[in-house]
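**Q** Mind looking over this structure? Questions follow.
The values are calculated or read from the model by the stated rules, or taken from the named source; none is laboratory data. Every value quoted in this text rests on a predicted model; they were computed, and no experiment measured them. Cβ atoms come from the backbone with ideal geometry, glycine included; neighbour counts cover every protein chain shown. Accessible surface is based on the protein model in full, side chains and every heavy atom, while ligands, DNA and RNA are left aside. Shrake-Rupley method; radii C 1.70, N 1.55, O 1.52, S 1.80 Å.
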Amino acid sequence: MSVIRSPSKSIFRPAAGIDQSVLEAHSDLIQDINRRKLLKGAISLGALTMLSGCDVSDDSEIRKALLAVSRWNDGVQEFIFRPNHLAPTFDASLVLKPPRYNAHYPIEEVKPVDVTGWKFELSGLVRDKKAWTADEIYRLPDQDMIIRHICVEGWDYIGQWSGVNLRSFLERIGADTTAKYLVFHCADGYVETLDMPSALHPQTMLATKYAGEIMTDPFGFPLRLRTSTKLGFKNAKWITAMEVTNQFTQTFFGKEGNNWFSGI
Ligand SMILES: Nc1nc2c(c(=O)[nH]1)N[C@H]1C(S)=C(S)[C@@H](COP(=O)(O)O)O[C@H]1N2
Ligand SMILES: [Mo]
């Protein structure tokens, strides 16, 4: 395996089996990341893959991941490697209204969830499996956070989310917080999972509001996950059910070749 040119200047070194040409092809972004000192010390392409969920065999995926990192703010590296620390939060004046939509299909194809008859179902390692109506969820204490959303496609925005803190909800329903995973099932058939430490992070919530108002249909009404520490695709929208389990479950984007952890 060849070594990337001018290694003393670059914080990037290829993981085993990755050709340096892959990184050289994106030297503009890498230089930008270096210049802005977004990542301190050396990081391998393998680590970048782990952090951003990109598929290193796919060149456009690498570009997306590098773009994502280059657009992130300066506190990123400290946060990446110290997951119990809080993610940066922002001033309300920076909140994008309305938020930027994404899913694996266009916004015109969103099928709004009819909240009449909608229930949030619970299963698995949970003491109280009673299903929740939207009104019951609205009555729970709200947490509010203004955080950056970052998508592997290489764009991001600052959003203001409110809802119930996930850790406090898990405690309320008697979930086994020593279990490994939460699995979220969504009205559009999407399935996403979350590792328990990320679920217990103080900035992880079941969101119901955006910018102080009940969120609109494209953004996950009536209930979505909102993490501060995970890439966009981990943030399941239009949630209908949550399972607490030790069993690993395949996810939509996992099947597409993204890394499961996908923490930034
Ligand atoms: N149910 C469901 N949730 C989803 C998706 C999806 O296709 N279906 N897409 C994910 C992706 S890739 C992103 S970037 C975010 C976008 O959230 P936003 O529309 O609020 O920005 O939702 C995530 N949650
Ligand atoms: Mo995304």
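**Q** For residues that are more than 16 Å from ligand 2 (Cβ to nearest atom) and under 17 Å from the mean Cα position of the chain (by Cα), scanning just region 210-229, find the one that is farthest from A103 (Cα to Cα). Quick ask: steps written out before the conclusion?
**A** Within region 210-229, the subset more than 16 Å from ligand 2 (Cβ to nearest atom) is 210-217, 221-223.
If we keep only those that are under 17 Å from the mean Cα position of the chain (by Cα) as well, we get 210, 223.
Numbers: Y210: 17, L223: 15 Å.
So, considering only residues that are more than 16 Å from ligand 2 (Cβ to nearest atom) and under 17 Å from the mean Cα position of the chain (by Cα), the one farthest from A103 (Cα to Cα) is Y210.
**Q** Let me ask another. Inside region 123-158, can you point out the residues that are out of contact with any Ser or Thr (no Cβ under 6 Å at 6 or more places or on another chain) and either charged (D, E, K, R) or at positive phi (or both)?
**A** Hits for region 123-158 are R127, D128, K129, K130, D135, E136, R139, R148, E153, G154, D156.
**Q** Residues to consider are E171, E192, E243; find the one that is part of a helix (DSSP H, G or I) and either at positive phi or among the acidic types (D, E) (or both).
**A** On the way: E192 fails: part of a helix (DSSP H, G or I); E243 fails: part of a helix (DSSP H, G or I).
Of E171, E192, E243, the one residue that is part of a helix (DSSP H, G or I) and either at positive phi or among the acidic types (D, E) (or both) is E171.
**Q** Another question, if that's okay. Right, W155: touching a strand residue (DSSP E or B) at 6+ places or on another chain (Cβ under 6 Å) and either within 16 Å of ligand 2 (Cβ to nearest atom) or assigned by TED's automatic domain parsing to the domain that holds Y101 (or both) or not? Spell out the reasoning first.
**A** Values: touching a strand residue (DSSP E or B) at 6+ places or on another chain (Cβ under 6 Å): no; either within 16 Å of ligand 2 (Cβ to nearest atom) or assigned by TED's automatic domain parsing to the domain that holds Y101 (or both): yes.
Criteria not met by W155.
**Q** Those residues that are more than 14 Å from the chain's Cα centre (by Cα) and open to solvent by less than 20 Å² (accessible area, probe 1.4 Å), I need them from region 198-209; list them, please.
**A** Result: T208, single match.
**Q** Name the one entry in D176, D144, D188, D195 that is at pLDDT below 95 and open to solvent by 10 Å² or more (accessible area, probe 1.4 Å).
**A** Details: D176 fails: at pLDDT below 95; D144 fails: at pLDDT below 95; D188 fails: at pLDDT below 95.
Sole residue among the options that is at pLDDT below 95 and open to solvent by 10 Å² or more (accessible area, probe 1.4 Å): D195.
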